[in-house]
Amino acid sequence: MLKRLNHVAIVVPDIKEASKVYKTNFNANISEPKSYPEHGVTVVFIELENTKIELMEPYGEDSPIKKFLEKNPHGGMHHICMEVEDINKSLDSLNNNKVKILGTGKPVKGSHNKPILFLHPKEFCGTLIELEEE
Ligand code: CO
């Protein structure tokens, strides 16, 4: 089912500071910050040759990553995102295996405007998994 690694996401307390760290130390290629009020995050993407690193800062009072930052005040790795060919096919197969899907249990539009699913970390060795249709 799995294709390429799309991105690794890291929650950060201050996205400008975090971007500066990647710029200063790695001279990384970093996108402009973009806020998604509907997802409660501001993100930048650090472009690598074979994948991306997504830095995420909470946006607004109801941000779903606010709690994560309370537990990890310096930030930390939040999820990995892997590509799948057909998200509905993947969903059927995961439902057959009784895997817990977060949210409504249906694909939603992610920050790349492609349908995504989040899978409960308990079933995947403590790692939150995002699937994105390629
Ligand atoms: Co993501």
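Key figures for this structure:
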item	result
Among the candidates 63, 31, residue that is within 15 Å of the ligand (Cβ to nearest atom), over 20 Å from residue 118 (Cβ atoms) and under 16 Å from the mean Cα position of the chain (by Cα)	31
Candidates 45, 124 - the one that is farther than 21 Å from residue 13 by Cα, of a type in the set (Phe, Trp, Tyr) and modelled with pLDDT of 95 or more	124
Residue that is most open to solvent (accessible area, probe 1.4 Å), among those in region 1-22 that are within 17 Å of residue 51 (Cα to Cα) and basic (Lys, Arg)	4
Elements of type strands (runs of 3 or more DSSP E) contained in region 39-90, each with 2 or more residues being under 17 Å from residue 121 (Cα atoms)	76-84
Selection count where residues are open to solvent by 40 Å² or more (accessible area, probe 1.4 Å) and among the small types (Gly, Ala, Ser), scope region 111-134	1
Number of positions in region 1-38 that are in contact with a helix residue (DSSP H, G or I) (Cβ under 8 Å, 6 or more places away or on another chain) and not in a strand (DSSP E or B)	5
Index of the failed condition, residue 29 passing every other in (1) touching a residue at least 24 places away in the same chain (Cβ under 8 Å); (2) open to solvent by 80 Å² or more (accessible area, probe 1.4 Å)	(1)
Contacts under 6 angstrom Cβ, first residue in region 45-57 being open to solvent by less than 30 Å² (accessible area, probe 1.4 Å), partner within 12 Å of the ligand (Cβ to nearest atom) and of a type in the set (Asp, Glu), 6 or more apart	45/54
Residues being under 17 Å from residue 6 (Cα atoms), surrounded by fewer than 18 Cβ atoms within 10 Å (Cβ to Cβ) and within 14 Å of the ligand (Cβ to nearest atom) - total across region 84-110	2
Hits in region 1-26 (condition: touching a residue at least 24 places away in the same chain (Cβ under 8 Å) and either more than 16 Å from the ligand (Cβ to nearest atom) or polar (S, T, N, Q) (or both))	1, 6, 13, 14, 19, 22
Subset of region 65-83 [surrounded by fewer than 12 Cβ atoms within 10 Å (Cβ to Cβ) and without any contact (Cβ under 8 Å) to a residue 40 or more places away in the chain]	67, 70, 71
Some residue of region 92-105 being in contact (Cβ under 8 Å) with a residue 60 or more places away in the chain and part of a helix (DSSP H, G or I)	yes
Tabulated pairs, region 107-120, first among the small types (Gly, Ala, Ser), second open to solvent by 40 Å² or more (accessible area, probe 1.4 Å), C-beta under 9 angstrom, 6+ apart or interchain	110/39; 111/34; 111/39
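The values are calculated or read from the model by the stated rules, or taken from the named source; none is laboratory data. Bear in mind the structure is a predicted one, so any value in this text is a computation, not a measurement. Don't worry about glycine lacking a Cβ; one is built from the backbone with ideal geometry, like all the others, and counts go over all protein chains shown. For accessibility, only protein heavy atoms count, side chains too; no ligands or nucleic acids. Shrake-Rupley method; radii C 1.70, N 1.55, O 1.52, S 1.80 Å.
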